[in-house]
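The structure appears right after this line, and notes come after that.
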Amino acid sequence: MTTEVNNETDVQIDGAEFAALADHVLRAMHVNPMAELNIIFIEPDPMAELHLRWLDLPGPTDVMSFPMDELRPGTAEHPTPPGMLGDICICPQVAARQAAESGHSAAEEMLLLATHGMLHLLGYDHAQDAEREVMFALQRKLLLTFLATR
């Protein structure tokens, strides 16, 4: 996988850990090893602008995903074709607030958000209860198996 991690904030981010997470998730989802992904950490103001522009919602949010080639999960026998998976934007400040409310670290929250964003790029959603159940179970499994290897 070609994963580029860009940190446009003053928050300390371990780019290698996010690249390793992307490799883990995308391999598990049988995404072609030539697929490309960008993970971008941005400040609250630019995130608020994206949130308003694309979802017509005020204020910064935690994570937004922008699919490019609309790749979908593959299988071991038939991985996805190569292509640009898309961009994931994460706001560390919103993630830190959510982490404090949930009782875990900001780093763990951002790993969760990155996993969540990758699943959105692969076509998963949580608008309906059945979709939510599938997506959140898969998100949990992928993140826990990644954390177990650290």
Qualifying position, being of a type outside the set (Gly, Ala, Ser) and free of Cβ contacts under 8 Å to residues at least 24 places away in the same chain, among Pro58, Pro67, Pro92, Pro79: Pro58
Filtered residue count, segment 29-46, keeping only those that are surrounded by 15 or more Cβ atoms within 10 Å (Cβ to Cβ) and either over 19 Å from Thr115 (Cα atoms) or hydrophobic (A, V, I, L, M, F, W, C) (or both): 11
Residues of segment 79-120 classified as crowded, with 20+ Cβ neighbours inside 10 Å and among the charged types (D, E, K, R), total: 1
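Sort through Ala107, Ala99 and tell me the only one that's under 24 Å from Thr145 (Cβ atoms) and touching a residue at least 12 places away in the same chain (Cβ under 8 Å). Spell out the reasoning first.
On the way: Ala99 fails: touching a residue at least 12 places away in the same chain (Cβ under 8 Å).
Matching residue, one of Ala107, Ala99: Ala107.
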Close pairs from segment 18-32: first among the aromatic types (Phe, Trp, Tyr), partner open to solvent by 10 Å² or more (accessible area, probe 1.4 Å) and outside any helix (DSSP H, G or I), Cβ under 7 Å, at least 6 apart: Phe18/Val5
Residues located in segment 39-50, provided they are in contact with a strand residue (DSSP E or B) (Cβ under 7 Å, 6 or more places away or on another chain) and of a type outside the set (Phe, Trp, Tyr): Ile39, Ile40, Ile42, Met47, Leu50
Odd one out for Leu26, checked against (1) part of a loop (DSSP other than H, G, I, E, B); (2) surrounded by 16 or more Cβ atoms within 10 Å (Cβ to Cβ): (1)
Residue count, segment 47-66 (criterion: of a type outside the set (Gly, Ala, Ser) and loosely packed, with under 15 Cβ neighbours inside 10 Å): 8
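Before we move on, is Gly123 at pLDDT below 95 and either open to solvent by less than 70 Å² (accessible area, probe 1.4 Å) or more than 28 Å from Gln12 (Cα to Cα) (or both)? I'd like the intermediate steps shown before the answer.
Working: at pLDDT below 95: no; either open to solvent by less than 70 Å² (accessible area, probe 1.4 Å) or more than 28 Å from Gln12 (Cα to Cα) (or both): yes.
Taking the combined requirement at face value, the residue does not satisfy it.
Can Thr145 be described as buried (at least 22 other Cβ atoms within 10 Å of the Cβ), out of contact with any strand residue (DSSP E or B) (no Cβ under 9 Å at 6 or more places or on another chain) and either touching a residue at least 40 places away in the same chain (Cβ under 8 Å) or in a helix (DSSP H, G or I) (or both)? Write out each step before concluding.
Working: buried (at least 22 other Cβ atoms within 10 Å of the Cβ): no; out of contact with any strand residue (DSSP E or B) (no Cβ under 9 Å at 6 or more places or on another chain): yes; either touching a residue at least 40 places away in the same chain (Cβ under 8 Å) or in a helix (DSSP H, G or I) (or both): yes.
No, not satisfied.
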Residue count, segment 100-135 (criterion: part of a helix (DSSP H, G or I) and over 20 Å from Ile39 (Cα atoms)): 9
Matching residues, segment 1-23, being outside any loop (DSSP other than H, G, I, E, B), open to solvent by less than 50 Å² (accessible area, probe 1.4 Å) and among the hydroxyl-bearing types (Ser, Thr, Tyr): Thr3
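Looking only at segment 69-104, count how many residues are out of contact with any strand residue (DSSP E or B) (no Cβ under 9 Å at 6 or more places or on another chain) and under 13 Å from Leu26 (Cβ atoms). I'd like the intermediate steps shown before the answer.
Going through segment 69-104, the residues out of contact with any strand residue (DSSP E or B) (no Cβ under 9 Å at 6 or more places or on another chain) turn out to be 72-81, 93, 96-104.
Next cut, under 13 Å from Leu26 (Cβ atoms) only: 72-74, 79-80.
Of the residues in segment 69-104, 5 are out of contact with any strand residue (DSSP E or B) (no Cβ under 9 Å at 6 or more places or on another chain) and under 13 Å from Leu26 (Cβ atoms).
The values are calculated or read from the model by the stated rules, or taken from the named source; none is laboratory data. Quick caveat: nothing in here was measured; it's all calculated off a predicted structure. For neighbour counting, all protein chains shown are included, and Cβ atoms are generated from backbone atoms with ideal geometry for every residue, glycine included. Just so you know, the surface numbers come from the protein's heavy atoms only, side chains and all, with ligands and any DNA or RNA stripped out. Shrake-Rupley method; radii C 1.70, N 1.55, O 1.52, S 1.80 Å.
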